[in-house]
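Peer 1: Handing you this structure, nothing more for now.
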Amino acid sequence: MAEEMPPEWRNYFFLGLILLVNTIFIKISFSWPWDSESFTLGVMGLIGLTMLYISWYRFTFKRRGLVPWMDLWKNPETSSKKLLLFSIFILILSYLLGKNQLFFPDPASLIFSLIALLTLIQATYVYLSVTILSDD
């Protein structure tokens, strides 16, 4: 169910992209309010990831919100398999980032692992809900 006028997603996308590029490449930061420039940079990166997620949600589902309920999915069984592959890919990426950080900040592998495990849980839930645990 989409809203009549789809919400604006571009502002969130570009601001999130700017914050994420700053966190990974440029690294402009300040020490206040917690006297740590690296912590501030990490917080800016997390805010950037959150804004990118919000822009993806608004672009994909054409509505405001944060949780992709199953009734919003067009083909839950196929989409859950794609989401499962995505989560495995991100989990492998987080493992590789934990070994060789390249140009990513230190806790990047932890954040990627969190994202991968949350998407893995969602993919498993959706797949089980439309196959084994469905009422049909």
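Peer 1: For the chain, what's the relative contact order in percent, using C-alpha pairs closer than 8 Å and at least 6 residues apart?
Peer 2: 23 percent
Peer 1: Using only alpha carbons, build the gyration tensor for the stretch 1-58 and give me the equivalent ellipsoid semi-axes, biggest first, whole Å.
Peer 2: After scaling each eigenvalue by five and taking roots: 28, 10, 7 Å.
Peer 1: Using a cut-off of 29 Å between alpha-carbon atoms, which lysines can reach residue 82, once sequence neighbours fewer than 8 places away in the same chain are excluded?
Peer 2: 62, 74, 99
Peer 1: Continuing with the same structure: Filter the chain for me: DSSP H helices, axial length by Cα at least 20 angstrom, mean Kyte-Doolittle hydropathy not below 1.6. List them by residue number.
Peer 2: Length and hydropathy pass: 108-130.
Peer 1: Could you give me the radius of gyration and the Dmax of the chain, taking only the C-alpha atoms into account and expressing both in angstrom?
Peer 2: 17.4, 57
Values quoted throughout were computed directly from the atomic coordinates according to the rules given, and no laboratory measurement underlies them. Computed from a predicted structure; not experimentally measured.
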